[in-house]
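Heads up: the structure comes next, in structure tokens.
The values are calculated or read from the model by the stated rules, or taken from the named source; none is laboratory data. Values in this document were obtained by computation on a predicted structure and should not be read as measured data. Cβ sites come from the backbone with ideal geometry, for glycine too, and all protein chains shown count toward neighbours.
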Ligand code: GLU
């Protein structure tokens with residue numbers, strides 16, 4: 001496996017020169033576009049890696065499935081579905097997803113920003129501090145790393161430059177889809193996106209999802225298998241932004257990407273994969289990351305379709 005990963009990394013490296021690092025969050029603009037790393041955890045507990053797997057980065061949108069899981073664990077499936085829909089929007093992750101005079105919950109899903117912002121309000125806790133602490137705790141358990149914390153520079157950078165997300169949250173509020181103090185909800189969302197991880201953390205998270213809610217090796221049940229089914233299905237239809245259809249054809253596994261250039265993939269019953277390559281394509285997906293996953297999927301017959 002290590003040899004295969006090394007070879008695929010070498011084959012995909014040229015793609016790191018074709019994409020662009022996100023800079024609408026200024027801190028992300030400082031990332032090295034040449035970075036490329038991968039980490040794989042098999043269902044039997046075997047770890048394999050190559051390249052810059054241990055470079056830290058902010059989790060960004062890869063936190064969205066964890067936000068959804070925490071909301072499901074606190075409220076159950078029906079309550080979550082009544083607040084945010086499950087259909088692909090076919091639009092960019094930060095699109096203002098309103099019709100001329102309408103915005104209803106069916107227009108959202110938990111993998112686009114508006115849906116994820118609503119998920120923050122569904123996490124139980126007496127304060128947003130506590131809600132965030134519980135989300136961080138779940139992230140640590142899934143990632144198998146108690147030391148995971150927040151990248152303060154990424155958090156401050158997005159909080160200062162997050163006008164678009166602020167607009168989305170106030171729009172939700174104006175349509176009655178968001179309860180509570182908008183700035184507090186946004187602060188929780190920005191902190192969530194700034195949780196600092198590496199490829200191994202993402203491989204762990206993917207392994208738990210691929211193992212239907214149980215941590216590999218320890219066997220600890222973190223969430224019910226019905227929630228894993230729910231999240232994995234949404235990852236297939238909406239996890240790779242408005243490139244999810246093409247990704248399903250080219251790679252064919254549940255996955256989530258983030259604008260820091262990472263991809264978390266959960267291959268049902270087989271493995272969790274974490275990838276980091278910050279140069280993005282036009283839709284916000286890691287360019288080299290998608291090529292790497294496509295090749296890995298072909299070599300190991302990973303597609304679920
Ligand atoms: N924090 C980012 C935002 O809300 C996350 C976007 C992403 O990774 O897709 O713009």
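The set of residues from region 22-45 being surrounded by fewer than 18 Cβ atoms within 10 Å (Cβ to Cβ) and within 22 Å of residue 58 (Cα to Cα) comprises 23, 24, 26, 29, 30, 32, 34.
Residue-by-condition table, conditions (1) more than 16 Å from the ligand (Cβ to nearest atom); (2) closer than 30 Å to residue 30 by Cβ; (3) touching a residue at least 12 places away in the same chain (Cβ under 8 Å); (4) crowded, with 24+ Cβ neighbours inside 10 Å:
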position	(1), (2), (3), (4)
251	yes, yes, yes, yes
255	no, yes, yes, yes
272	yes, yes, yes, yes
279	no, yes, yes, no
282	no, yes, no, no
297	yes, no, yes, no
304	yes, no, yes, no
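The set of residues in region 124-154 being farther than 22 Å from residue 198 by Cβ and not in a helix (DSSP H, G or I) consists of 124, 125, 126, 127. Counting just the residues of region 90-108 that are within 15 Å of the ligand (Cβ to nearest atom) and touching a helix residue (DSSP H, G or I) at 6+ places or on another chain (Cβ under 7 Å), which one comes out modelled with the highest pLDDT? Selected residue: 108. Quick one: would you say residue 41 is at pLDDT 95 or above and under 15 Å from the mean Cα position of the chain (by Cα)? Answer is no for this residue.
Quick one: which of 143, 79 is touching a strand residue (DSSP E or B) at 6+ places or on another chain (Cβ under 7 Å) and more than 16 Å from the ligand (Cβ to nearest atom)? Walk me through how you get there before you give the answer.
Working: 79 fails: touching a strand residue (DSSP E or B) at 6+ places or on another chain (Cβ under 7 Å).
143 is the lone residue from the list that is touching a strand residue (DSSP E or B) at 6+ places or on another chain (Cβ under 7 Å) and more than 16 Å from the ligand (Cβ to nearest atom).
Which one is nearest to residue 192 (Cα to Cα) among residues in region 257-270 that are more than 16 Å from the ligand (Cβ to nearest atom) and surrounded by 23 or more Cβ atoms within 10 Å (Cβ to Cβ)?
Step one: list which residues in region 257-270 are more than 16 Å from the ligand (Cβ to nearest atom), which gives 266-270.
Cutting the leftovers down to surrounded by 23 or more Cβ atoms within 10 Å (Cβ to Cβ) gives us 266-267.
On the way: 266: 20, 267: 24 Å.
Per the criteria, the residue is 266.
Look at residue 169 and say whether it is at pLDDT 95 or above, within 12 Å of the ligand (Cβ to nearest atom), in contact with a strand residue (DSSP E or B) (Cβ under 7 Å, 6 or more places away or on another chain) and outside any loop (DSSP other than H, G, I, E, B).
Working: at pLDDT 95 or above: yes; within 12 Å of the ligand (Cβ to nearest atom): yes; in contact with a strand residue (DSSP E or B) (Cβ under 7 Å, 6 or more places away or on another chain): no; outside any loop (DSSP other than H, G, I, E, B): yes.
No.
Taking into account only those residues within region 38-64 that are in a strand (DSSP E or B) and within 16 Å of the ligand (Cβ to nearest atom), which is farthest from residue 119 (Cα to Cα)? In this case the residue turns out to be 57.
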